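Below is one structure, written out as structure tokens, with a few remarks after it.
The values are calculated or read from the model by the stated rules, or taken from the named source; none is laboratory data. Only a predicted model underlies this, so the values are computations on that prediction, with no experimental measurement involved. We place every Cβ from the backbone using ideal geometry, glycine too, and count neighbours over all the protein chains shown.
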Amino acid sequence: MSGTSGASGDPLIALRPWTAPEVTSWHRLPMSAVDRREGAVSLDGRWRFQLLPSPEAEPGPAWSWSSVPGAWTMQDTTDLPQYTNVRMPWAEFPPDSPAANPTGVYERDVDIPGDWAGRRIVLQVGAAESVLLVHVDGRPVGLSKDSHLAAEFDLSDAVTPGASATVRLTVVKWSDASHIEDQDQWWHAGITRSVLLYATDPLHLADVAVRARCDGSLRVDCRVRSAAGALPEGWYVTGRLDGQDLVQDSEFDRLNAEDERVSDFLGEARLRATVRDVRTWTAETPELYGLTMRLHRTDGSVADTSTHRVGFREVEIRGRDLLVNGERVYIRGVNRHDFHPLTGRTVSQKDMRADLLTLKRFGFNAIRTAHYPNDPALLDLADELGFYVVDEANIESHDHAHEIADDPRYASAFLDRVSRMVLRDKNHPSVIIWSLGNESDYGANHDAAAGWVRRHDPSRPIQYEGAAKLDWAATDDASDIACPMYAPIEDCVAHALSGEQTRPLIQCEYSHAMGNSNGTLADHWAAIESTPGLQGGFIWEFWDHGILQRVNDGRPAGRAGAGLYDNGVAAPGLRWAYGGDFGEAVHDGAFIADGVVFPDRTPKPVMYEHREIAAPVRLSVEGEGTWRVLRVHNRQHFRDLSWLAAEWEFAAADGGSWTVPAALPDVPPGGAAVIDRPEVLDGAGEIWLTLRVTAAADEPWAPRGTEVCSPQVRWYEAEAGEPVVGDGAAGVKDAEDASARDSLGHPGSRAGGPGSDARPETDADGLLLHPLLTAPPVLCLWRAPTDNDVLGGMADRWRAWGLGRPERETVSVEQKGARVLVRSRWATAAGPVEHEQAFTALRDGRVFVEETAVLPEELSDVARVGTVFETVAGLDRFAWYGQGPWESYPDRAAGAPVGHYSAAVDELLTPYLRPQESGGRHGVRHFSLTGDGGHGLAVRLDEPRQVSVTRYRAEDLTAAAHHDELVPRPGCVVHIDAAHRGVGTASCGPDTSPSYLVPPGTHRWSWTLRTL
């Protein structure tokens, strides 16, 4: 550690680069696509560490330890994570940063291999947030900005092979660069990707650029440099692709010589090959070839080698269509951050693979690297597993977007970040689009970066939402794609039908996954698939960015928290933290929890919705009666159905479920064919037919037998051509019986047996008394507000109306034989709600309940209209016939097939990071709640309804900020809804469609309760 200079005399510190946007680097090597991980010496592990209050502060004698890679904000330092979305976490304007500026100093001693003598020695720091200063044995070596791309430094003159050197990496948290890294994520700091040391021959490959077209043609351009300065005479490059030799492009050499493009210090070589019967790369068929490029000295010996995986594919825009290998493809995408609940920004390759396997299994085929280049290993995996990638530059100046877009001081930073991303990632077939960044307005700095990309890589289009924001039909801005955020689907359809559309419309963000959300996803895709010119988009986002937090001291659990969470739920003593949970005064709350998976990668219910929407196989019933046929549709772009297996599953309203074999026909991509119809089944009640589709053999992303999708249709009796039991039939017979008894003066029956003339038991206010109910059925118009309800303003409106605690103003009770009629008036600030309940005792002890609620016109959009009651303790099992098995809601139910399901009551609530309305099941026909021995209650509904069963009242969920604050009630809280509002995406984007709103006026529903 001796020999390190103090901060006061350090030229890098004296430069104050954290306040100079014009300075993007010093002595940093150019970016290239040559991967040096193989054969490198890893410097990951424990480093000596000090956290200083500012970059000018001097390190002291006391050192602690820090794990590299890793954010110090996740490693028990005093500097904790902070979350903001748009606003910066401090008040200084660009390019200034606050005086209180946490600065981490990392040191370790490195033994330089003796056999590296005479070689070029390079230090690579995978990522450092946000300014990196490098010293070796006290000497300044270089600096770099850009928190999400690697920085390399030539240490050849700073170290001695066979000796030890002290490497110091100083990381300054806040800087002028922070103003263009204002992304919607946690603020961290540290060295967040791997650090390594490697050596090359002085004569080395400086870059390799691969162009592989879907016709099998291959072009490889190599750049060669020498650490000695001038290149030696006689060097040459060879290449081999899966056993096939590449040939030198003599015409390229001739033109270079004629144009005097050769120089003494930079060599260029171009090699070509043509692959016959080429296997093309797509997201469905990610075929890769192995390429090895070798740089030779004059005597033929190999000076340097570079290996690549090549995918033959082409991307182009033709008219208003984005084409891959000449085919128009749907972009079923998701936005993805580098995130882990224990390590923050640091993600292992194993975790990245798990991310992509999850996405692949749920039908996603595209990733936008929001809002910066992800770890390079992610693109390797995307190439291998098959994903289309929008590679996005590390630029977002959200809080000061307008000022920075045209600020010439930041021009070099924009160009630096975009060009280095392209140079690093250009050889990945998965990358089909370059993005200039996110939410940074639009200005000259974007145009400069776009000009560089179009010149350097004309093989891919560019997108930038800010450029296309004001005019989707423009052709003269820095975006080849109209890529809006959260545009209403109606606006997208109108644009596509207007005749003015000039380019593909693919939303960079279109459905916001915050809490109980992603309503109308199926409607959105129905519009996309039926409207030429619309091609898909990217859901925001993959992760809920909850950090595992110790409740006792409020600090991140860190790596010690591994294994202390499961199925989205943190273990006792821990919770998922969001904005404000680390004591931040400036934060944006739970807006960080907006992913399609929980922090532990457990899929949210929306994942199953997406899986069916994106399913490679769809099923339809065509014709009527005995002439009906089942047709299978192949919704893939490039693949037939031979990789899939299937079986039929039948579900009957009152007959359980059973399966029979199914044989998929030979269907080409985009085609359809009739599938053999299974045997017609006899029986009463509706019957649903599901095609369970699985992987027929092991896939790179799923083992054999993994369910791929489960398209479902309603099945009818062959003779009549009508449903055996239609959606509205359940409970109707009971209603007819009750009405007939009333009209004939039948005395009804008591639960004690036939012939009794007693009415159902009610209290003085006419509320139903039942031995299994601790709270009687009453009207409910309120739900625990979802994040969409809160941020969309609905929750405030419902509170202002008083729907959470309406007062029962008047009540009248009337008995007519076995029927008790209760009329109530509930007061709200928008006018009274009239509610009528009729309780009828049926012969076999059941109670038939008919309800009517009349809402005044002023209550134009309420959360629900329905019944809520509570049960005794001990009813721990919920079984239902309806949609499931996971949570579903009126506008998010396409991925929940109708069937018979059962679950523990304690597992029904979906653990969204902020407690809210959740756990509902849509389209429920009948259900039961039972305890030991099967005793309990059963309910049959007049038609498919929204039902929820949890341990919590709506007010319990509303009052809690985290799940560890919830205290479960001993019994069950049961909601039966005549109408339930859709969940929408109003926290950031369009609300639900009007068809999913709960209107004013008259609502009727009925249900039958019996004891088991």
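Things worth noting here:
- Verdict on V220 being within 22 Å of R294 (Cβ to Cβ), touching a Cys at 6+ places or on another chain (Cβ under 8 Å) and either surrounded by 24 or more Cβ atoms within 10 Å (Cβ to Cβ) or in contact (Cβ under 8 Å) with a residue 40 or more places away in the chain (or both): no
- Among (1) farther than 30 Å from F848 by Cβ; (2) of a type outside the set (V, I, T); (3) at pLDDT below 90 - the single one A645 does not satisfy: (3)
- Hits in the stretch 63-92 - residues which are more than 14 Å from G344 (Cα to Cα) and of a type in the set (D, E, K, R): R87, E92
- Here the strands (runs of 3 or more DSSP E) wholly within the stretch 234-307 that include at least 2 residues being in contact with a His (Cβ under 8 Å, 6 or more places away or on another chain) and in contact (Cβ under 8 Å) with a residue 24 or more places away in the chain are 236-241, 289-296.
- Any hit, the stretch 451-464, residues being of a type in the set (S, T, N, Q), within 25 Å of the chain's Cα centre (by Cα) and more than 23 Å from P994 (Cα to Cα): yes
- Apart from one condition, G919 fits all of (1) in a loop (DSSP other than H, G, I, E, B); (2) in contact (Cβ under 8 Å) with a residue 40 or more places away in the chain; (3) within 28 Å of V693 (Cβ to Cβ); the exception is (2).
- Members of the stretch 794-817 found to be surrounded by 12 or more Cβ atoms within 10 Å (Cβ to Cβ) and outside any strand (DSSP E or B), listed by number: M794, A795, D796, R797, W798, R799, W801, G802, L803, G804, P806, G817
- Some residue of the stretch 951-965 being under 20 Å from R877 (Cβ atoms) and of a type outside the set (F, W, Y): yes
A quick yes/no check of all residues on (1) in the same structural domain as L641 (by TED's automatic domain parsing); (2) aliphatic (A, V, I, L, M); (3) surrounded by fewer than 20 Cβ atoms within 10 Å (Cβ to Cβ):
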residue	(1), (2), (3)
G519	no, no, no
I528	no, yes, no
P556	no, no, no
G563	no, no, yes
A577	no, yes, no
G580	no, no, yes
G583	no, no, yes
D588	no, no, yes
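- Sole residue being under 35 Å from the mean Cα position of the chain (by Cα) and either surrounded by fewer than 20 Cβ atoms within 10 Å (Cβ to Cβ) or among the β-branched types (V, I, T) (or both), chosen from T200, T192, T160: T192
- Here the condition is being closer than 30 Å to H340 by Cα and among the hydroxyl-bearing types (S, T, Y); of T690, T602, it holds for T602 alone.
- Considering residues of the stretch 162-192 that are polar (S, T, N, Q) and in contact with a Lys or Arg (Cβ under 9 Å, 6 or more places away or on another chain) only, the residue farthest from E56 (Cα to Cα): Q185
- Sub-6 Å Cβ pairs linking a first residue in the stretch 871-886 that is in the same structural domain as G931 (by TED's automatic domain parsing) and closer than 15 Å to G920 by Cβ to a second residue that is outside any loop (DSSP other than H, G, I, E, B) and among the hydroxyl-bearing types (S, T, Y), at least 6 apart or interchain, are W880/Y901; G884/Y901; P885/Y901; W886/Y608, ordered by first then second residue.
- Filter result for the condition that a residue is touching a Leu at 6+ places or on another chain (Cβ under 8 Å), of a type in the set (S, T, Y) and either modelled with pLDDT of 95 or more or surrounded by 24 or more Cβ atoms within 10 Å (Cβ to Cβ) (or both), over T852, T871, T840: T871
- In the stretch 498-512, the residues that are assigned to a loop (DSSP other than H, G, I, E, B) and crowded, with 23+ Cβ neighbours inside 10 Å: R503, P504, C508, Y510, S511
- When each of R953, R1004, R945, R1010 is tested for being in contact with a Phe, Trp or Tyr (Cβ under 8 Å, 6 or more places away or on another chain) and either more than 21 Å from D861 (Cα to Cα) or charged (D, E, K, R) (or both), the lone residue that passes is R945.
- Test: residue in the stretch 409-426 that is over 23 Å from V315 (Cα atoms), surrounded by fewer than 24 Cβ atoms within 10 Å (Cβ to Cβ) and hydrophobic (A, V, I, L, M, F, W, C): yes
- Counting the residues of the stretch 199-231 that are part of a strand (DSSP E or B) and at pLDDT 95 or above gives 22.
- The set of residues in the stretch 113-128 being surrounded by 19 or more Cβ atoms within 10 Å (Cβ to Cβ) and in contact with a strand residue (DSSP E or B) (Cβ under 6 Å, 6 or more places away or on another chain) consists of W116, R120, I121, V122, L123, Q124, V125, A128.
- Of the strands (runs of 3 or more DSSP E) that lie entirely inside the stretch 106-195, those containing 1 or more residues that are touching a Gly at 6+ places or on another chain (Cβ under 7 Å), within 18 Å of F49 (Cβ to Cβ) and modelled with pLDDT of 95 or more span 131-136, 164-172.
- Pairs meeting the criteria (first residue in the stretch 670-692 and within 24 Å of H637 (Cα to Cα), second residue crowded, with 18+ Cβ neighbours inside 10 Å and at pLDDT below 95, beta carbons under 6 Å, at least 6 apart or on different chains) are I675/L630; T690/E649; R692/E649.
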